[in-house]
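Comments concern the structure below.
The values are calculated or read from the model by the stated rules, or taken from the named source; none is laboratory data. Not measured: the values here are computed from a predicted model. Methodologically, a virtual Cβ is constructed for each residue, glycine included, from the backbone with ideal geometry; neighbour enumeration extends over all protein chains shown.
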Amino acid sequence: MSQPETASSRLPRGARGATRVADRVVAKIAAQAACEALRSSGGSEPSAPRGQSRPRASVSVRPAPDREEAFGQAGVRIGLELGYPSDIGGQCGAVRRAVSNQVSRLAGMKVQEVVVTVERLYPRHSRGVITGRTR
């Protein structure tokens, strides 16, 4: 027995509707990926100061120019606080790769760019909240 024909079954697949992933969802995915990348690259240590904040992400999502990229294109900016001395370039590279992979995999978007900004460095030997300058 065949299914009755409905109005939605007569429309081509791309014309039936659309799914949009919100910017804030992509930003949360990016921030979580950055945390995991820092943890696995040795960037987040138990001696990190209590005042250290989690990576912050801002995202701009554009609609896909063609049907190949169903959920659009994303540009991601990540702000980090890192311990010093450390391999800052290596940690930033790990964050860039992880964010690009996770956003592509979980949000189904093509990642155009990932800009990583180191906003603050803290000395690794400090155990408390850091205020003022450290020499």
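Structure above, values below:
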| quantity | calculated |
| --- | --- |
| Ser60 vs. criteria touching a helix residue (DSSP H, G or I) at 6+ places or on another chain (Cβ under 8 Å), assigned to a loop (DSSP other than H, G, I, E, B), of a type in the set (Ser, Thr, Tyr) and modelled with pLDDT under 95 | no |
| Some residue of region 74-87 being part of a loop (DSSP other than H, G, I, E, B), at pLDDT 70 or above and charged (D, E, K, R) | yes |
| Residue in region 88-123 that is farthest from the chain's Cα centre (by Cα), counting only those that are farther than 17 Å from Cys35 by Cβ and without any contact (Cβ under 8 Å) to a residue 24 or more places away in the chain | Gly89 |
